[in-house]
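Below is one structure, written out as structure tokens; the observations come after it.
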Amino acid sequence: MNKYLALFFVLVCTNTFSQIQYVNTAFENASQADWHIDSTNKNIVELGMIYDHERSSVNRANGHWHFQIQAEPGTDATIILKNFENIWNGRAGYPVSAKTNCMVSKDGKKWWHIPGEFIDGTLKFKIHFDTDKLYFASVEPYRISDLEKFLARIKGNPLVQVSNAGKTSEGRNLEIIRIGNPNAPHSVFLRGRAHAWEPAGNWITEGLVNSLLEKDAAKYLKRYCVYIMPMANKDAVARGRTRFNTQGVDLNRKWDAPADSIHAPEKHAFEKWLKMMIAKGKKPDLAIDLHNDQGGNVHVNLPREDNKEYTERITRFVDLLYRHTWFTEGMTNVTNPGSLGEGLVKRFGVDAIIYEFNYEWAEGLKKVPMGEDWKLLGKQLREVFYQYFK
Ligand SMILES: [Zn+2]
């Protein structure tokens with residue numbers, strides 16, 4: 001065999017044998033999947049998404065994916081994600097669409113995104129491996145270890161107090177971060193990560209906290225104090241689940257009644273904290289529950305005539321969002337029975353909203369949103385609160 005023919009065979013064989021080898025789902029925040037590599041074309045891997053279920057309900061969800069694929073360098077892989085026929089309140093719907101991208105990373109820290117192809121309910125991605133492993137995720141991940149790094153960085157700052165409001169179902173600490181002076185004339189509460197697959201709340205609150213600890217932030221903290229429960233559904237974040245806590249409770253539902261302390265200790269802990277604040281005469285002026293979805297709107301939870309003043313205040317807040325942040329989406333008057341927004345208004349007289357961030361597209365930036373974009377919005381919120389509490 002002459003040397004050129006030999007080289008040709010080497011090249012052909014290298015290409016033929018560059019193939020997917022394994023899907024790793026054994027790491028922090030990894031989603032579980034029923035995966036298999038195609039038996040005839042080992043450059044194709046199919047992953048069936050696994051649902052998490054609400055207790056005694058038809059509700060289930062599987063918008064979260066986060067896994068690592070190991071392949072021989074040189075592999076041109078096709079990744080097919082299936083089993084997205086989500087059921088929400090008995091209705092089918094997709095947590096993905098033709099606009100869904102896939103986040104990719106070599107090290108789980110620096111992420112970029114590739115476009116997806118959405119056909120017949122399946123999502124397909126094509127990727128070239130120039131390394132032996134790549135991470136894939138539905139949204140840029142923010143893990144418990146990221147929260148721990150963040151808390152370690154800010155603890156010790158005299159403007160910061162981190163306390164524990166209670167524990168999750170599995171015994172993890174539920175932190176409340178306070179930034180600024182508790183005797184400031186106003187205060188705002190933010191909750192992140194009620195739904196585990198929606199990390200925007202963590203990116204936003206981290207951006208907000210960073211901005212309030214900058215040298216020029218004194219004027220903001222003179223006017224208001226910030227309280228944050230950064231990761232309400234920590235157990236599901238740890239386990240790579242989508243929506244419910246590990247006992248099958250939706251932490252953004254049934255706020256029209258006192259929390260079930262056995263099955264929803266994450267809600268109970270927050271309620272206990274809120275009652276303690278109210279008893280101390282420190283009821284928050286505003287509460288914001290941060291989420292991700294495919295719409296990206298602010299939900300006004302009680303758009304009724306008898307709550308005209310609430311609606312007016314929230315409208316003013318949203319106008320300030322338009323003016324001082326990259327948010328452009330809008331405000332919807334959808335009643336979401338039992339959401340935190342509605343429950344806090346009704347039961348505690350706290351102005352509250354559900355603030356969604358579109359995870360597929362940030363219209364105000366004309367791009368697919370990444371963690372840094374949400375951090376920027378968090379920084380911009382500093383001015384929004386300043387104007388709102390004028
Ligand atoms: Zn949500």
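Quick note: the coordinates plus some simple rules give every number you see, no bench work behind them. The model shown is predicted, which means the values in this text are computed figures rather than measured ones. In this analysis, Cβ positions are derived from the backbone assuming ideal geometry, glycine residues included, and neighbour counts consider all displayed protein chains.
What number of residues within region 261-274 are more than 16 Å from the ligand (Cβ to nearest atom), in contact (Cβ under 8 Å) with a residue 24 or more places away in the chain and in a helix (DSSP H, G or I)? Reasoning before the result, please.
Step one: list which residues in region 261-274 are more than 16 Å from the ligand (Cβ to nearest atom), which gives 261-263, 265, 268-269, 271-274.
Keeping just the survivors that are in contact (Cβ under 8 Å) with a residue 24 or more places away in the chain gives 263, 265, 268-269, 272-274.
Checking the rest, the ones that are also in a helix (DSSP H, G or I) come to 265, 268-269, 272-274.
Residues flagged as more than 16 Å from the ligand (Cβ to nearest atom), in contact (Cβ under 8 Å) with a residue 24 or more places away in the chain and in a helix (DSSP H, G or I) within region 261-274 amount to 6.
Under 6 Å between Cβ atoms, at least 6 apart or on separate chains: pull out the pairs that start in region 82-98 with a residue that is touching a residue at least 12 places away in the same chain (Cβ under 8 Å) and end on any residue that is in a loop (DSSP other than H, G, I, E, B) and hydroxyl-bearing (S, T, Y).
F84/Y94
How many residues does region 313-366 contain that are within 26 Å of A269 (Cβ to Cβ), of a type outside the set (G, A, S) and touching a Gly at 6+ places or on another chain (Cβ under 6 Å)?
Of the residues in region 313-366, 4 are within 26 Å of A269 (Cβ to Cβ), of a type outside the set (G, A, S) and touching a Gly at 6+ places or on another chain (Cβ under 6 Å).
Tally up the residues in region 345-390 that are of a type in the set (S, T, Y) and under 25 Å from L251 (Cα atoms), please. Spell out how you get there, then give the answer.
Looking only at region 345-390, we keep the residues that are of a type in the set (S, T, Y), and these are 355, 359, 386, 388.
Imposing the further condition that a residue be under 25 Å from L251 (Cα atoms) reduces the set to 355, 359.
The qualifying residues number 2.
Could you list, ordered by first residue, the pairs with Cβ atoms under 6 Å in which the first is in region 110-122 and free of Cβ contacts under 8 Å to residues at least 12 places away in the same chain and the second is among the hydrophobic types (A, V, I, L, M, F, W, C), at least 6 apart or interchain?
Filtered contacts from region 110-122: W112/V104.
Looking only at region 235-256, which residues are more than 15 Å from the ligand (Cβ to nearest atom) and within 19 Å of W203 (Cβ to Cβ)?
Of region 235-256, the ones more than 15 Å from the ligand (Cβ to nearest atom) are 235, 238-240, 246-248, 256.
A238, G240, listed by residue number.
Please indicate, with yes or no, whether at least one residue in region 252-273 is of a type in the set (D, E) and under 26 Å from A33 (Cβ atoms).
Our first condition is that a residue be of a type in the set (D, E); within region 252-273, this holds for 256, 260, 266, 271.
The next check asks that each one be under 26 Å from A33 (Cβ atoms); those that pass are 266.
Yes; the residues of region 252-273 include at least one that is of a type in the set (D, E) and under 26 Å from A33 (Cβ atoms).
If Q247 satisfies every condition in (1) within 30 Å of A362 (Cα to Cα); (2) among the polar types (S, T, N, Q); (3) surrounded by fewer than 24 Cβ atoms within 10 Å (Cβ to Cβ) but one, which is the exception?
(1)
Mind listing just one residue for me: the one in region 182-201 that is within 16 Å of the ligand (Cβ to nearest atom) and under 21 Å from Y224 (Cβ atoms) and, of those, surrounded by the most Cβ atoms within 10 Å (Cβ to Cβ)?
Residues of region 182-201 within 16 Å of the ligand (Cβ to nearest atom): 190-201.
If we keep only those that are under 21 Å from Y224 (Cβ atoms) too, we end up with 190-192, 201.
Working: L190: 24, R191: 27, G192: 26, G201: 29.
By that ranking, first place goes to G201.
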